Amino acid sequence: MSARNLSLSAIFGLYLAGAATPASAQDATLCLTTAERADSGEKLNKAEKQAVHEACVRALSDTASLVQKYQLQEADFEIMGVHHKY
């Protein structure tokens, strides 16, 4: 493998590693801000609820913090109206 190919592979790998990190933060932010919207009385359509529920589940699986897990579960409950078993 040439040095150029090795360098490109390394750069691509770092890009993928860096790209994965913000997605979990975006999922958590989406989950929590949508829960605030639902709490304030804004109506969410079924498709939006499902998409945000999936973001909440991804964020929940990405965090190790018990406090954040609790906050995300409560946000998901606020959005969906039911407690889910994870």
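Please name whichever of 45, 72, 35 sits farthest to the positive end of the charge dipole of the range 22-75, dipole taken about the Cα centre and charges placed at Cβ: Lys and Arg +1, Asp and Glu -1.
The residue sitting farthest along the positive end of the dipole is 45.
Suppose the chain between residue 68 and residue 24 were pulled fully straight at 0.36 nm per residue; how much longer would it get relative to their current alpha carbon spacing? Mind showing how you got there, number by number?
Values: separation 44, 0.36 × 44 = 15.84 nm, distance 1.24 nm.
Going from the current span to full extension adds 14.6 nm.
For residue 43, which aspartates and glutamates qualify as cross-link partners when the Cα separation must be under 16 Å and same-chain residues fewer than eight apart are set aside?
76, 78
Rule-based calculations on the coordinates, nothing more; no lab input. Keep in mind the model is a prediction, meaning the values are calculated, not measured. Heads up, the Cβs are rebuilt from the backbone with ideal geometry, glycines too, and the neighbour counts pull from every protein chain shown.
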